[in-house]
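**Q** I am attaching a structure below and will ask some questions about it afterwards.
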Amino acid sequence: MAKLYFNYSSMNAGKSTMLLQANHNYIERGMNPRIYTSDLDNRFGKGEIVSRIGLKAKSNIFTSKTNIYRDILNFSKNSIVDCVLIDEAQFLTQNQVSQLGKVVDELDIPVLTFGIRTDFQGNLFEGSKYLLAWADNLKEIKTVCHCGRKATMVLRLNAKGEVVSDGTQIEIGGEEKYVSVCRKHFIEKNIG
């Protein structure tokens, strides 16, 4: 029986690495995973999932307008889809999370999503909010704050390395722009 999984964390916890490992495992067993990433993060090229440790794979792209259920349904008419893997799941819309539920419930295909739970202001992303509410299985991927505690939050940095509190929810970046911290250091705006 297929399930909808949400693997979440703060920044730099290895989410993309885990997705790429799962993708490799399916392929190694002669199975056909279908992988997606958001069009918003194109730092490494469009449709490219790249982990900090150098693993990478080509991927399908989703935008806020993509009907993922229809895409998978159409693709599965000509090829078997054994699993769906979604990177940057925080950028999914409520409707797309619902579509992933239909992939699981109606097509009996497992869906593994990977994303950030909260933004730099401590607010849930839309995709994360609905995955936390509707996923069958939730798994926190842990990373650590500079103090050694579990990091559950992220702080955004400006070009000078200073913590910023204002701005748009979505601003793509990596270690140069975001630092994962515990709740205490998030409130203190302490990057260590």
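The values are calculated or read from the model by the stated rules, or taken from the named source; none is laboratory data. Since this is a predicted model, take the numbers as computed values, not measurements. Methodologically, a virtual Cβ is constructed for each residue, glycine included, from the backbone with ideal geometry; neighbour enumeration extends over all protein chains shown.
**Q** When the residues of region 145-189 are narrowed to those that are charged (D, E, K, R), loosely packed, with under 14 Cβ neighbours inside 10 Å and under 17 Å from GLY122 (Cα atoms), which ends up farthest from the chain's Cα centre (by Cα)?
**A** Only one residue fits best here, namely GLU188.
**Q** Then there is this: Given the criteria at pLDDT 95 or above, under 16 Å from the mean Cα position of the chain (by Cα) and aliphatic (A, V, I, L, M), does LEU107 qualify?
**A** When the stated conditions are applied, LEU107 does not pass them.
**Q** Another one. If I go through region 6-22 residue by residue, how many of them are under 20 Å from VAL103 (Cβ atoms) and surrounded by fewer than 22 Cβ atoms within 10 Å (Cβ to Cβ)?
**A** 2
**Q** What number of residues within region 110-124 satisfy the criterion of being buried (at least 18 other Cβ atoms within 10 Å of the Cβ), over 17 Å from LEU19 (Cβ atoms) and within 14 Å of the chain's Cα centre (by Cα)?
**A** Result for region 110-124: 2.
**Q** Please find, within region 4-29, the residue that is nearest to GLU48 (Cα to Cα) out of those that are assigned to a helix (DSSP H, G or I) and without any contact (Cβ under 8 Å) to a residue 60 or more places away in the chain.
**A** Among those residues, the one meeting the criterion is LEU20.
**Q** Filter region 28-55 down to the residues that are of a type outside the set (Phe, Trp, Tyr), exposed (fewer than 15 other Cβ atoms within 10 Å of the Cβ) and either on the phi > 0 side of the Ramachandran plot or modelled with pLDDT under 95 (or both) and list them by number. Walk me through it before giving the result.
**A** Residues of region 28-55 of a type outside the set (Phe, Trp, Tyr): 28-35, 37-43, 45-55.
Retained after the next criterion (residues that are exposed (fewer than 15 other Cβ atoms within 10 Å of the Cβ)): 28-32, 42-43, 45-46, 52-54.
GLY30, ASN42, ARG43, GLY45, LYS46, ARG52, ILE53, GLY54, listed by residue number.
**Q** Collect the residues in region 1-23 that are more than 20 Å from ASP108 (Cβ to Cβ) and either among the polar types (S, T, N, Q) or modelled with pLDDT of 95 or more (or both), keeping them in residue-number order.
**A** The answer is ASN7, TYR8, SER9, SER10, ASN12, SER16, THR17, GLN21.
**Q** Please enumerate the residues belonging to region 56-74 that are outside any helix (DSSP H, G or I) and modelled with pLDDT of 80 or more.
**A** ALA57, LYS58, SER59, ASN60, ILE61, PHE62, THR63, SER64, LYS65, THR66, ASN67, listed by residue number.
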